[in-house]
Amino acid sequence: MAPIFIKTVLISESVDPRCKTILEENGIRVTEKQNMKKDELMAEIKDYDGLVVRSATKVTSDIINAANLKIIGRAGTGVDNVDVDAATKKGIIVMNTPSGNTISAAELTCALLMSLSRNVPQAAMSMKQGNWDRKKFMGAELYGKVLGIVGLGRIGKEVASRMQSFGMRTIGYDPITPPEVTASWGVEQMSLEQLWPQCDYITVHTPLMPSTVGLLNDETFAKCKKGVKVVNCARGGIIDEAALLRALESGQCGGAGLDVFVEEPPQNRSLVDHPNVISCPHLGASTKEAQARCGEDIALQIVDMVKGKKLVGAVSSTPVKKIIFSYMWTLQVNQTHCASDGAASGMCKVEIVANGSSYKASGSVQGGVPVLLELSDSVFKQPVSLTGNLLFFKASASPQLLSSVAGLLATEGVEIESYSAPADRTGDLWYCVGVSSLLRDLSALKPLVKEAAQLTI
Ligand SMILES: NC(=O)C1=CN([C@@H]2O[C@H](COP(=O)(O)OP(=O)(O)OC[C@H]3O[C@@H](n4cnc5c(N)ncnc54)[C@H](O)[C@@H]3O)[C@@H](O)[C@H]2O)C=CC1
Ligand SMILES: O=C(O)C(=O)COP(=O)(O)O
């Protein structure tokens, strides 16, 4: 990748000091300015090549258009506070550090689930008021109860394994993570229709996007067990706030643990003040460890980009194109020809001609994650998340294909973490598996597949 010049970076929120140190050690001038109002940020941003934020800075299209940025770095996971489409249109790379705060967010989720079962925050407040009320705070065991996990990505997975240790049965739903993968970490997947009525507790761990706004609403609360308890440590609005209040008031919802709100801080305090709600001021990632990882990761990713090294954590579709290219490169493409059309907003299509064969790939960014939608004649059933170690192979469909590939990988000490198949099943088509590590030698796959390529993103 060609190096990108970044001489100045503005850090607009409280980011671990390692971020500034690493950037400065690499010759980048860093300014830290927190709590800026929109007008102040718009005036300030003109002077910088890079901006580093957490969740509080709203990087709207106005800010993006007022700036000459080359990079927006999110020291954390969610990029819903950044207008990624506006950034992509201006050719600005948006990158995040999606795994740095996973454990911290998962641990806070578990803390809220436990607090909901035993009323710990309410009992602690009552003690401070001088009371000794043992009856009022009668709880219920988590043991044997059903936890529904909506969104089985990084955090959902960690929550599942922790709550299983309390004896909870974990069920879930995710449109991308395959059921066979979640089954391997003890989560039975099912449709949301099947999930709602079974749960004693529900926790949501999806990105905020149109398809996840109001996942829990009046209609879906009505399908739940009476008294269901819910946790939202993901993004405000995934559980509709007005519907939650109505469900709490009717008793349909027995309690809620909320770390995030549609408006932060919330001006409307009805949920926060409700006796069955325990809440935190968006503390999921607020641990020393998570902040150290995210601050360091984002700085190192920016430095790598400046040095023209690999592009890690990029979520805008300009990098998707680069990722597709880097993937094609692993096929030993000798000559390349790129045709990029405008396609739909945020969509990227490329065509590469190698040794007389043409490879067409299209991708986009969904929920902050770059995804591959099509590769040559293969239209993937579910978008392939372009993260981690990926192994692509072309083969003809057969009931034994996955188990044969999995067996072969296992003999090489490689585990399958995700699996994406094409929607069509006829002829030789491309498949993609997420793997725990890359194969030392791709030719091991020769007996099973026609072509193969692997890469780490
Ligand atoms: N409270 C806090 O401080 C923190 C909050 N977060 C938030 O937690 C959420 C999850 O983060 P990660 O697990 O790292 O993300 P992830 O990308 O690893 O997992 C998200 C999962 O949601 C799934 N998903 C997408 N649409 C869905 C739908 N309609 N129904 C069910 N599942 C759906 C995706 O397929 C993916 O597997 C994000 O919103 C992130 O911003 C993350 C870190 C800290
Ligand atoms: O990483 C995320 O998605 C978070 O919500 C954490 O937000 P923060 O960095 O603490 O403002």
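Divide by every residue of the chain the summed helix terms, -39500 (n - 2.57) for each DSSP H run of at least 4, and state the resulting mean residue ellipticity at 222 nm, rounded to the nearest 500 deg cm²/dmol. Here the helix-only value at 222 nm equals -8500 deg cm²/dmol. Among the protein heavy atoms of region 414-457, carbon and sulfur supply 48% of the accessible surface, probe 1.4 Å, non-protein parts ignored. Cα centroids of region 114-145 and region 395-425: 48 Å apart. Overall, region 49-103 carries a charge dipole of about 100 debye about its Cα centre when +1 sits on the Cβ of Lys and Arg and -1 on the Cβ of Asp and Glu, all other atoms neutral. Residues Ser403, Ser418, Ser364 ordered from highest to lowest accessible area at a 1.4 Å probe: Ser403, Ser418, Ser364. Excluding the sites themselves, what is the longest stretch of the chain that contains no GluC sites (Glu not before Pro) in a DSSP loop with at most 15 other C-beta atoms within 10 Å? Longest gap between qualifying sites, sites excluded: 264-411. Ordering Ala43, Ile71, Val94 by the projection of their Cα atoms onto the charge dipole of region 15-120, which places +1 on the Cβ of Lys and Arg and -1 on the Cβ of Asp and Glu, puts Val94 at the extreme positive end.
Taken along its three principal axes, the alpha carbon spread of region 193-277 comes to 33, 29, 17 Å, from the longest extent down to the shortest.
Given a Förster distance of 41 Å, report the FRET efficiency between Leu401 and Val272 from their Cβ-Cβ distance, rounded to the nearest 0.05. Calculated value: 0.20.
In region 392-457, the C-alpha radius of gyration followed by the widest Cα-Cα span (Dmax) gives 11.0, 31 angstrom. One Cα centroid belongs to region 1-64, the other to region 152-172; the line between them spans 36 Å. Close amide H partners of Gly186, meaning residues 5 or more places away or on another chain with modelled amide H under 5 Å apart, do not exist here.
Think of each Lys and Arg Cβ as +1 and each Asp and Glu Cβ as -1; about the Cα centre, that makes the dipole of the chain roughly 460 debye. Close amide H contacts of Ile202 (hydrogens built in the peptide plane, cut-off under 5 Å, sequence separation of 5 or more or a different chain): Gly148, Lys229, Val230, Val231.
Using the alpha carbons alone, the radius of gyration of region 137-252 stands to its Kirkwood radius in an Rg to Rh ratio of 0.95. With both residues required to sit in the chain, DSSP beta bridges show an antiparallel share near 50%.
Computed from the alpha carbon positions, the gyration tensor of region 1-123 leads to an equivalent ellipsoid with semi-axes of 31, 16, 14 Å, biggest first. Cα extents for the chain along the principal axes, largest to smallest and rounded to whole angstrom: 78, 58, 36. Modelled spin labels at Met138 and Glu415, positioned 7 Å past Cα toward Cβ, are 4.3 nm from each other. Annotation: amide H-H contacts under 5 Å for Gly388 (H modelled 1.01 Å from N, sequence separation of 5 or more, or interchain): Ile457.
Per-residue extension of 0.36 nm, minus the Cα-Cα distance of Lys226 and Ser61, leaves a gain of 55.1 nm for this segment.
Projecting the Cα positions of Gly388, Trp132, Val260 onto the charge dipole of the chain (unit charges on Cβ atoms of Lys, Arg, Asp and Glu, taken about the Cα centre) puts Trp132 furthest along the positive direction. Bridgeable lysines around Lys46 (alpha carbons under 25 Å apart, same-chain partners fewer than 8 residues away excluded): Lys7, Lys20, Lys33, Lys37, Lys38, Lys58, Lys70, Lys89, Lys90, Lys307. For the chain, the solvent-accessible area of protein heavy atoms averages 46 Å² per residue (probe radius 1.4 Å; ligands and nucleic acids excluded). Using a probe radius of 1.4 angstrom, the carbon and sulfur fraction of the accessible surface of region 23-71 is 41%. For region 62-106, the C-alpha radius of gyration divided by 2.2 N^0.38 Å, with N the number of residues, is 1.28.
The values are calculated or read from the model by the stated rules, or taken from the named source; none is laboratory data. Worth saying up front: this structure is predicted, and the values here are computed from it rather than measured. Glycine also receives a Cβ, built like all others from the backbone with ideal geometry; neighbour counts cover every protein chain displayed. Only protein heavy atoms, including side chains, enter the accessible area calculation; ligands, DNA and RNA are left aside. Shrake-Rupley method; radii C 1.70, N 1.55, O 1.52, S 1.80 Å.
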